[in-house]
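The values are calculated or read from the model by the stated rules, or taken from the named source; none is laboratory data. Since this is a predicted model, take the numbers as computed values, not measurements. No Cβ is skipped: glycine too gets one built from the backbone with ideal geometry, and neighbour counts run over all protein chains shown. Please note that ligands, DNA and RNA were not included when accessible areas were found on the heavy atoms of the full protein model with its side chains. Shrake-Rupley method; radii C 1.70, N 1.55, O 1.52, S 1.80 Å.
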Amino acid sequence: MATAAEWVQGARPRTLPAAVAPVLAGTGVAAYEDGAVWWKALLALVVSLALQVAVNYANDYSDGIRGTDDVRVGPMRLVGSGAATASAVKRAAFLAFGVAGVAGLALAATTAWWLVAVGVVCVLAAWYYTGGSKPYGYLGLGEVMVFVFFGLVAVVGTTFVQTEDWSSAALAAGVGIGALACAILVVNNLRDIPTDSAVGKMTLAVRLGDRRTRALYAGLVAVAAVAVVVVAALTTWWVLVGLAFLVLAGRGVATVLGGATGPGLIPVLQTTGVAELAWAVLVAAALVLA
């Protein structure tokens, strides 16, 4: 039976900045447009964090029963390591989905009921990333899901539930956050190319190969930097302070382009996650102060 510490590790806390960042960025845009509603921002944060944890447990379950995690280079997986049963991890994923659903319903009830449909799509996308008979994460489409749902949908949605209006600045911020969220997945899959190839998990990294995957990671960081400039052009030039995220992201780029492999790439996961959070904090702070 898994310990509490193992359950926490199985939730992959290093990925949680990717759930906090879009809510911060979206709320920053809402504040700039004089539409911030802080209790809605908190509910959006609950939805985002719960979905991230649910995705992590769902991936643990689905990859575990397929045998994909039998040989792990990265963080411990509950099912693959035998620390917890597959059914227990599946229940944990569903519990997290339930928490996200309750908070999402509260937002929909106070904003617009069509948001329920968006929430259902988000849950389905999270589950079928590695779940089901034909998981799209095994087809090289994981980065698309992350960009759309943990970038565009999360940021634009956070702004919309507060302002009840569409914002081009939120869309630009969603591109920046989505690019860095993708970069986290890219470096994770770069690390796992040997093991994923062995079990037939055709991630984008496996399809692109080592060299082009490293270039993709650097390119995503560059897209995030351009997004800061676009948000600044649409709002206030104080947002350019957000480019300071490159201090952190640059370390990840140097490590990735330097040829690090296996365990040597694990620190880049945390560095990229913190860089994404820094992007969001700095941009949001500039927008709020403006």
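The sum of -39500 (n - 2.57) across all DSSP H runs of n ≥ 4, divided by the residue count of the chain, sets its helix-only mean residue ellipticity at 222 nm to -23500 deg cm²/dmol. Dividing the mean sequence gap of close Cα pairs (under 8 Å, 6+ apart) by how many residues the chain holds gives a relative contact order of 25 percent. Partners of residue 134 within straight-line reach, counting aspartates and glutamates whose Cα lies under 19 Å from its Cα and excluding those fewer than 8 residues away in the same chain: 60, 63, 69, 143, 196. Can you give me the C-alpha center-to-center distance between the range 160-175 and the range 222-290, rounded to a whole angstrom? Measuring centre to centre over Cα atoms gives 19 Å. In the full protein context, the chain carries 41 Å² of accessible surface per residue, based on a 1.4 Å probe and ignoring ligands, DNA and RNA. Stokes-Einstein diffusion of the range 37-158 at 37 °C, 0.692 mPa s viscosity, Kirkwood radius from Cα pairs, rounded to a whole number: 219 µm²/s.
Surface composition of the chain: carbon plus sulfur atoms hold 71% of the accessible area, using a 1.4 angstrom probe and ignoring ligands, DNA and RNA. If you wrap the range 134-290 in the convex hull of its Cα atoms and look at it from every side, the mean projected area works out to 9.2 nm². Using all Cα-Cα distances in the chain, what percent lands in each 10 angstrom bin from 0 up to the longest? Percent of pairs per bin, in order: 7, 30, 35, 22, 6, 0.
Ranking 192, 210 by solvent-accessible area of protein heavy atoms (1.4 Å probe, all protein chains present), from largest to smallest, gives 210, 192. Straight-line reach from residue 40: taking Cα to Cα under 18 Å and skipping same-chain neighbours fewer than 8 places apart, the aspartates and glutamates in range are 164, 165.
Could you work out which residue, out of 21, 117, 224, moves most in a Gaussian network model of the chain, that is, has the largest mean-square fluctuation with Cα springs under 10 Å? The residue that fluctuates most here is 117. For the chain, the membrane-span-like helices by this rule, meaning whole DSSP H stretches whose C-alpha atoms cover at least 27 Å of axis and whose Kyte-Doolittle mean is 0.0 or above, are 38-66, 86-110, 168-191, 210-234, 266-289; this says nothing about an actual membrane.
Protection proxy ranking of 169-178, 244-253, by the mean of other Cβ atoms within 10 Å over each peptide's residues and highest first, is 169-178, 244-253.
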